[in-house]
Amino acid sequence: MDEFKKFIGANAGEIIEGLSKVKRYLQHYGYIPDSAKNFTNSFDETLVSAIKSYQQYYNLQQTGQLDTKTVGQMILPRCGNRDVGNQTSHSSHVHSVGHFEYFPDNPRWDKLALTFAFKPENELRENYKKTIARAFARWAVVTPMTFTRIESYSDADIKIAFYSREHGDEGPFDGPLGQLAHAFAPPAGLFHFDSEENWVVEGEPLKSPSRFTAVDLESVAVHEIGHLLGLGHSSDRDSVMFATLPTSVRKVTLRRDDIAGVQSIYGANSNFNESDSQTSDDIVLFGGASDVAPLWPFMTILFAVALVNNIFLS
């Protein structure tokens, strides 16, 4: 999405080569109706209106222009699920309550004990699997749900896989950065990561130590599990359900908005102490990142007891 930088300062009425890509981007995330077709490179009223809606959602000044802050938000790595609007495929129309959103008709799992499995063909290392299991545990702490890892991919409620580019669900990935992952609303249970990302697992990036390409696997997993449970995106920048995640940032702590959203669907874990939600182990990796929303100071949080009571990892 770095190519969007060339549109900074563009004005309504102008015709600029490649501007149609901005319209397709905004349509993909719900700001232009799916019925709109044959986009041109004209900075027309459709684009102005979509930009204003996008700016409103991300709490930016509603200028209707591709200003520096708006384009800066657009080029951040993000979840492939839509923010708003008439959504299809791996996401669908949502409605808001507070900062968080639901899918239509409030879809939910009809059971509290769910299983998950990893696509065998991916041949994931064990540290990848344990990292994603920890992400499930974070949601188990605040709800009465349990998540059990099993080996049978076909039998699992939640199927986790890594793919690149087009992979058959109308939500193709786009290479490094851009769309990081996406997940389907319940009870589909499909959970896909972009295999081309420079994933950080247990503090170590897969490909290189560059903070400009590193994406924390657990942070993305925590976010996508929220979708698997029925939550849409949140407009609260501190929430794990906020759509974007800057490179080199670890953001895994459920905030009040996340907790309120999921508990409104499944209820609360009887052992959950709300004061625990104020303790964060979010950090910035590799010494800093640009355009990072404020995060809570780094503090260690222990999940040992919660894990024993709420999740069984094999």
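Just so you know, all these numbers are worked out from the coordinates, no wet-lab data involved. These numbers were taken from a predicted model, which means no experiment stands behind them. Glycine also receives a Cβ, built like all others from the backbone with ideal geometry; neighbour counts cover every protein chain displayed.
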Treating each Cα of the stretch 181-234 as an identical point scatterer and ignoring solvent, apply the Debye formula and state log10 I(q)/I(0) at q = 0.20 Å⁻¹. -0.70
For Gln56 and Ser35, extending 7 Å from Cα along the Cα-Cβ vector and measuring point to point gives, in nm, a value of 1.9 nm
With a cut-off of at most 15 other beta carbons within 10 Å, and DSSP calling the residue loop, which GluC sites (Glu not before Pro) in the stretch 108-180 qualify? Please list them. Glu123, Glu151, Glu166, Glu170
What is the extension gain from Asn106 to Ser164, computed as 0.36 nm multiplied by their sequence separation minus the C-alpha to C-alpha distance, in nm to one decimal? 17.9 nm
Residues Phe212, Phe39 in order from fewest to most other beta-carbon atoms within 10 Å are Phe212, Phe39
Exposure proxy check on Met145, Met241: fewest-to-most Cβ neighbours within 10 Å is Met145, Met241
Using 0.36 nm per residue of separation minus the Cα-Cα distance, give me the extension gain between Asn273 and Glu204 in nm, one decimal. 21.7 nm
Counting pairs of Cα atoms in the stretch 2-74, how many percent are more than 22 Å apart? 9 percent
What spacing in nm lies between the two simple spin-label points modelled at Leu190 and Asn127, each 7 Å away from Cα in the Cβ direction? 3.1 nm
Show me the trypsin sites (Lys or Arg not before Pro) within the stretch 160-214 that DSSP assigns to loop and that have at most 11 other Cβ atoms within 10 Å of their Cβ. Arg165
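Structure shown: which of Lys5/Lys207; Lys23/Lys52; Lys159/Lys207 lie over 19 Å apart, alpha-carbon to alpha-carbon?
Violating the 19 Å limit, Cα to Cα: Lys5/Lys207; Lys159/Lys207.
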